[in-house]
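The values are calculated or read from the model by the stated rules, or taken from the named source; none is laboratory data. Since the model is a prediction, treat every value here as computed from it, not as a measurement. Virtual Cβ from ideal backbone geometry, glycine too; neighbours counted across all protein chains shown.
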Amino acid sequence: MSFRAKRRNLFLLAAILLASCTRPDVLTMFVGTYSDGFYAYDFDQNAGKPADDAPVAKAEMPNPSYLTVDGNRVYAVSEMPDETASVWAWRWGGNGFDLLGSQPTGLPARGEDPCYVSTDGNLLAVANYTGGSLGVYRLRENGIIAPLDSLLISGIGGPDMSRQETPHVHCAVFSPDGKHLFFSEFSADEIGRLDISGGGVRNYCRAATLHSDYGPRHLLFDPSGEHLYVLGELSGDITVFDYVNGNLREKQVIKADRMDARGAADLHFSPDGKFLYASLRLRGDGIVVYEVGPGGVLAYVGYQATGPHPRNFNITPNGRYVLVACRDNNSIEIYARDRKTGLLTDTGRRIPVERPVFVGWE
């Protein structure tokens, strides 16, 4: 064999080895829990299963119920009902976590039970459910969370005296244009808005008033950034808003929870933006499927029953599988997704995890 042929074969072998090492179809899957830590798994999004039932790594902290990922940084809330409630920053190194630090979510009160965290890369927003507040933090260049910058207390006004008697905030999302921060005012049946300015937030206003007894929980912008979708935990409705220059204009209200279980939880778009999925709990637990039509309007497609208490779920980036965190049967259930119809089929595959309540990707 000539030297040139040998060199060509060596290059081919190196390319094959490199491809096998990078494994482009294997994702890092993060799983948050109501337990003593969150986990990283290797998940093959083409095969629809983890490389191993055992996690690659664990980050130890109390009740990491919701995470957000920004590059190799993972921010996780510690959903505790007292002054120990906090938000933590971690660096993910591919096979382990390094703690960057943490900050309390109140002063020290009004930060109890943080249940949602999001970032635009410069600011970190934390929704405190029992504390009834929205906390905003600046992020330093190294990803460390600076001390609490702003704390806004939500209001009340909804009619459910068992669920809306005190303020609650459940979700906070940054607008795609980078100009605003929207958050769910669960007990007031409203959507609040803050302007992003000068490296912080200011100028609170009521962006939208929802119908009475709505209990807004989850907010989600569509991939185009032209529409905001609001899921009502109490009403079981999804409201579609046009988003124009910071303003919300209501265009549709459609029922998601047809059993009135008052436990609607989570929203996610398929990667191509053609379908919207919502999780329902407390009765008839499962995932409801909508097709997204012109102008962002929704049309009901179908429903897939799941295990108990699907608080959170997520869709693989290739759109082939939906992973559902079923808190009350201690497992993540894996469903195959038809990318043409949007409908789901149970694969029967399960990932055992103690009280899982979040699934996300690096």
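Points to keep in mind about this one:
- Scanning the stretch 153-200 for residues that are among the aliphatic types (A, V, I, L, M), in contact with a Phe, Trp or Tyr (Cβ under 7 Å, 6 or more places away or on another chain) and part of a loop (DSSP other than H, G, I, E, B) returns no hits.
- Flag for ARG327 being closer than 25 Å to PRO352 by Cα, touching a residue at least 40 places away in the same chain (Cβ under 8 Å) and buried (at least 19 other Cβ atoms within 10 Å of the Cβ): yes
- Restricting the search to strands (runs of 3 or more DSSP E) fully inside the stretch 92-152 and requiring at least 3 residues that are among the hydroxyl-bearing types (Ser, Thr, Tyr) and at pLDDT 95 or above gives 114-119.
- The stretch 216-227 residues that are more than 18 Å from ALA264 (Cβ to Cβ), paired with ones that are among the polar types (S, T, N, Q) and surrounded by 22 or more Cβ atoms within 10 Å (Cβ to Cβ) (beta carbon under 6 Å, 6 or more apart): none
- Within the stretch 76-91, tally of residues that are more than 18 Å from the chain's Cα centre (by Cα), not aliphatic (A, V, I, L, M) and not in a strand (DSSP E or B): 4
- Counting only residues that are farther than 19 Å from LYS251 by Cα, of a type in the set (A, V, I, L, M, F, W, C), assigned to a loop (DSSP other than H, G, I, E, B) and touching a strand residue (DSSP E or B) at 6+ places or on another chain (Cβ under 7 Å), the stretch 267-307 holds 0 of them.
- Members of the stretch 259-273 that are exposed (fewer than 14 other Cβ atoms within 10 Å of the Cβ) and either under 30 Å from ASN318 (Cβ atoms) or hydroxyl-bearing (Ser, Thr, Tyr) (or both): ASP272, GLY273
- Top-ranked residue in the stretch 157-178 [being over 18 Å from ARG262 (Cα atoms) and out of contact with any Asp or Glu (no Cβ under 7 Å at 6 or more places or on another chain); ranked as surrounded by the most Cβ atoms within 10 Å (Cβ to Cβ)]: ALA172
- The stretch 151-172 residues that are in contact (Cβ under 8 Å) with a residue 60 or more places away in the chain, paired with ones that are part of a loop (DSSP other than H, G, I, E, B) and aromatic (Phe, Trp, Tyr) (beta carbon under 8 Å, 6 or more apart): GLY158/TYR214; HIS170/TYR129
- Scanning the stretch 66-108 for residues that are of a type in the set (Val, Ile, Thr) and surrounded by 22 or more Cβ atoms within 10 Å (Cβ to Cβ) yields VAL74, VAL77, VAL87, THR105.
- Failed item, numbered, when SER35 is tested on (1) surrounded by fewer than 16 Cβ atoms within 10 Å (Cβ to Cβ); (2) in contact (Cβ under 8 Å) with a residue 24 or more places away in the chain; (3) outside any strand (DSSP E or B): (1)
- For the stretch 152-183, the tally of residues that are hydroxyl-bearing (Ser, Thr, Tyr) and touching a helix residue (DSSP H, G or I) at 6+ places or on another chain (Cβ under 8 Å) stands at 2.
- Only one of the numbered conditions (1) crowded, with 18+ Cβ neighbours inside 10 Å; (2) within 23 Å of SER175 (Cα to Cα); (3) without any contact (Cβ under 8 Å) to a residue 60 or more places away in the chain; (4) not acidic (Asp, Glu) is violated by LEU280, and that is (2).
- Residues of the stretch 7-49 classified as modelled with pLDDT of 95 or more, farther than 15 Å from PRO317 by Cα and not small (Gly, Ala, Ser), total: 7
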